[in-house]
């Protein structure tokens, strides 16, 4: 049995969600609520000690890290529709693109997303409530990120991240000018993992992602959204809510 | 035919160097000279437009990114001694460790290495020579890193990197307390990629890596150094020299 612990259909959670739908695999979705820091609760830290989603439970074995989960699904279910090229050279090209998402593209977009959205979530709580949540976060870097989200990220950092986003968008557009999919002629995990970050940028970054400047990127985003698996995923998977639930208060586990 | 463009046997270049030796594959080593920024020369940028080593030429196909090259060798030569577990769960654990090197461990150690070693290299040149080298670097972030190496890295950054190194060392020691190799019972790319960064830390970071505090880490480093493939690699592959060659001057391509 496959159980995916995840947030809504965006960013790192989207990667295995879409891969599972594309492969037509039956799975249980256990969707956590980021607005009450559910991924930092003790029950979930027993599943992933880093307190991060997504995490996949496959018959009791836990696999973490979104990109690693996607490759795991290819290793275990090679006969379901393939999302990884058989040719080693193409496969390497795919991995260069999934690696680039994890090391560069996801981080700059994430900071701006946190500044715009997660900051509002972090400011809904009293200082005491907020600190009681933060102290449960296992990774030091994530504690720093949450505190920055509440205080506001430094202006220089936001400017640097916007520079990286502009570079990333140009890089994707240039690649899609020469190839229908990022790793070559076939739709692969390279597309899924980049789509996880790029989807919605037409609304979030309209000065950078638009019909005039990035027509191929926009068409590629649309093409993935129109795939049956993506439609099904978005229809079935509720988006995250960032509002504090009416009855919530910081809890100690 | 396999040709590996690389620096000496350390950091990212060590990963495919050791993997090739472990697998017993014949290859041509084309070792570049970092002290004259050879990896930023036009001839090499035609091989890897990012101007980074290692890069593998396999019958004319170029594969970049050290970890991707290692997985490529497993995909192409599965019957040579295997450095990747067949079991998908173990393989996922291996990838979590190789990914962690690329996203965390290599960066903090690299900054300190650059502060100590590359800074000396960067200061051997006149301002004019140095800028003529830097302007050839394709990646903006690498230009920033070289300028920081010459000027000296900010103190706060060095302190933060040392904190991350201490965390990394504890993490490796804890894992090696419970398992002989990082991904489980077998020696894999997880070990090779972490060894690429950890080898030499007993000398470089004696307060953190020593017989008292990290006996398992030290024993694991020794165990890998004693492997026939590692001995052969170190014997055959000259270490990088950071001295400016006698006749060198900044060149324009």
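Details
- On inspection, residue B:99 passes the criterion of being surrounded by 15 or more Cβ atoms within 10 Å (Cβ to Cβ), at the interface with chain A (Cβ under 10 Å from one of its Cβ atoms) and either modelled with pLDDT under 95 or out of contact with any strand residue (DSSP E or B) (no Cβ under 9 Å at 6 or more places or on another chain) (or both).
- Any chance residue A:165 is under 18 Å from the mean Cα position of the chain (by Cα) and not assigned by TED's automatic domain parsing to the domain that holds residue A:7: yes
- Flag if residue B:115 is out of contact with any helix residue (DSSP H, G or I) (no Cβ under 9 Å at 6 or more places or on another chain) and surrounded by fewer than 20 Cβ atoms within 10 Å (Cβ to Cβ): no
- If the condition is being over 15 Å from residue B:39 (Cβ atoms) and crowded, with 18+ Cβ neighbours inside 10 Å, then region B:118-135 contributes B:119, B:125, B:130.
- Matching residues, region A:38-71, being closer than 14 Å to residue A:193 by Cβ and touching a strand residue (DSSP E or B) at 6+ places or on another chain (Cβ under 8 Å): A:54, A:69
- Within the span defined as region B:216-236, every residue fails to be surrounded by 12 or more Cβ atoms within 10 Å (Cβ to Cβ), over 20 Å from the mean Cα position of the chain (by Cα), outside the structural domain of residue B:25 (by TED's automatic domain parsing) and over 19 Å from residue B:170 (Cβ atoms).
- Region B:196-215: number of residues that are part of a helix (DSSP H, G or I) and either on the phi > 0 side of the Ramachandran plot or surrounded by fewer than 23 Cβ atoms within 10 Å (Cβ to Cβ) (or both): 5
- Matching entry among B:163, B:147 (being under 27 Å from residue B:245 (Cβ atoms), surrounded by fewer than 16 Cβ atoms within 10 Å (Cβ to Cβ) and either facing chain A (nearest Cβ under 10 Å) or touching a helix residue (DSSP H, G or I) at 6+ places or on another chain (Cβ under 8 Å) (or both)): B:147
- Any hit, region B:68-83, residues being outside any helix (DSSP H, G or I), in contact with a helix residue (DSSP H, G or I) (Cβ under 7 Å, 6 or more places away or on another chain) and at the interface with another protein chain (Cβ under 10 Å from one of its Cβ atoms): yes
- Residue within region A:117-140 that is within 18 Å of the chain's Cα centre (by Cα), closer than 17 Å to residue A:40 by Cβ, within 14 Å of another protein chain (Cβ to nearest Cβ) and not in a loop (DSSP other than H, G, I, E, B) present: no
- Unmet requirement for residue B:238, which otherwise passes all of (1) outside any helix (DSSP H, G or I); (2) out of contact with any strand residue (DSSP E or B) (no Cβ under 8 Å at 6 or more places or on another chain); (3) under 23 Å from residue B:114 (Cα atoms); (4) touching a residue at least 40 places away in the same chain (Cβ under 8 Å): (2)
- Failed criterion for residue B:138 (all others in (1) touching a helix residue (DSSP H, G or I) at 6+ places or on another chain (Cβ under 9 Å); (2) crowded, with 16+ Cβ neighbours inside 10 Å; (3) touching a residue at least 60 places away in the same chain (Cβ under 8 Å) hold): (2)
- Residue in region A:20-67 that is farthest from the chain's Cα centre (by Cα), counting only those that are within 14 Å of chain B (Cβ to nearest Cβ) and without any contact (Cβ under 8 Å) to a residue 24 or more places away in the chain: A:60
- Selection count where residues are over 24 Å from residue A:213 (Cβ atoms) and in contact (Cβ under 8 Å) with a residue 12 or more places away in the chain, scope region A:149-171: 5
The values are calculated or read from the model by the stated rules, or taken from the named source; none is laboratory data. These numbers come from a predicted model, not from an experiment. Counting neighbours? That spans all protein chains shown, and the Cβs are built from the backbone with ideal geometry, glycine included.
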